[in-house]
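Q: Sharing a structure here in structure tokens format.
The values are calculated or read from the model by the stated rules, or taken from the named source; none is laboratory data. Computed from a predicted model, the values in this text were never measured in an experiment. Because the Cβ atoms are built from the backbone with ideal geometry, glycine has one as well, and the counts that use them run over all protein chains shown.
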Amino acid sequence: MFFCLSIVAALGFGTAQAQMQLTPTQKPLSAERLAMPLFPSGWQDVATNRGNIEVIDYVPKGETVVAWRNRITLEVYHELNTLPLDALYRRAEGQNRDVCDGAIVGKFQSGLNNGFASAFWTLGCKRHRESGMGETRYSKAIQGGDRVYILTRAWRTPAYGDEGPAIPQRLLEDAVAFLTTTVACTDGDTNHPCPTSTPAKSEEKNNSA
């Protein structure tokens, strides 16, 4: 199924996070950071735009920022933590409609995640007008104390119809697990605790979130 059911529960809004390996940061401006314990092994940073709105794209080895089939995008809105998450959802929805023949819009779902306001949505594009491919995106947004984070797992597939994209169920489940375990956190803060570091298979990825 394209859009996961009961996604609020699946993403762990308002629940304790499992003990996982942390994703370190590069000297953040504050102690707050984003922990991505299930970041997939072997993926690499292929495009980074710095500034008040920071965007980092990751793809697996063998794929590029142009020729990709799998992608993770991290958007970090520095010092803009008052941005409403539903406004960011509406912006993403509008951008998707502008480039798609056959836009699919999932419901905006919100709650609390590790003590911070959080939201989840899905977007689909049956046929992207530029690439001619189909696209699917699962996004999680977190309104941290210092920043807003949007983390998106995206796929490119052949253009599709009402039957939905040709994405294996395992990859969809892995994406939900990746988003579930990603949290904004601060060491030593019991209201927003960081996952406890334990041995894990996923490699460490640096980001400045």
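Q: So G42 fits all but one of (1) outside any loop (DSSP other than H, G, I, E, B); (2) over 17 Å from V176 (Cα atoms); (3) at pLDDT 85 or above; what number is the exception?
A: (1)
Q: Looking at V66, V8, V76, can you tell me which residue is at pLDDT 90 or above and more than 24 Å from P158 (Cβ to Cβ)?
A: Answer to the selection: V76.
Q: So which residues in the range 82-125 are more than 17 Å from the chain's Cα centre (by Cα), over 21 Å from G161 (Cβ atoms) and buried (at least 18 other Cβ atoms within 10 Å of the Cβ), if there are any at all?
A: Across the range 82-125, the qualifying residue is only G115.
Q: Between a first residue in the range 83-107 that is of a type outside the set (A, V, I, L, M) and a second residue that is surrounded by fewer than 15 Cβ atoms within 10 Å (Cβ to Cβ), which pairs have beta carbons less than 8 Å apart while being 6 or more apart in sequence or on different chains?
A: C100/R129; D101/R129; G102/G161
Q: Check V55 against each of (1) within 13 Å of Y149 (Cα to Cα); (2) in a strand (DSSP E or B); (3) in contact (Cβ under 8 Å) with a residue 40 or more places away in the chain and name the one condition it does not meet.
A: (3)
Q: Another question, if that's okay. Would you point out the residue of the range 157-179, among those that are surrounded by 19 or more Cβ atoms within 10 Å (Cβ to Cβ) and touching a Pro at 6+ places or on another chain (Cβ under 9 Å), that is nearest to E54 (Cα to Cα)?
A: Per the stated criteria, the residue is F178.
Q: Please give the number of the condition G188 fails out of (1) modelled with pLDDT of 95 or more; (2) in a loop (DSSP other than H, G, I, E, B).
A: (1)
Q: Pull up the range 156-165, narrow it to residues that are of a type outside the set (G, A, S) and either assigned to a strand (DSSP E or B) or touching a residue at least 24 places away in the same chain (Cβ under 8 Å) (or both), then point me to the one that is farthest from R71 (Cα to Cα).
A: So the residue we want is Y160.
Q: Only residues in the range 35-51 that are without any contact (Cβ under 8 Å) to a residue 40 or more places away in the chain count as the first member; pair them with residues that are surrounded by fewer than 13 Cβ atoms within 10 Å (Cβ to Cβ), Cβ under 8 angstrom, at least 6 apart or cross-chain, and list the lot.
A: Taking only residues 6 or more apart or on different chains, the pairs are Q44/K61; V46/T64; V46/V65; A47/V65.
Q: Out of the strands (runs of 3 or more DSSP E) lying entirely within the range 87-155, which hold 3 or more residues that are in contact with a Gly (Cβ under 9 Å, 6 or more places away or on another chain) and closer than 24 Å to P60 by Cα?
A: Here the list reads 116-128, 134-143.
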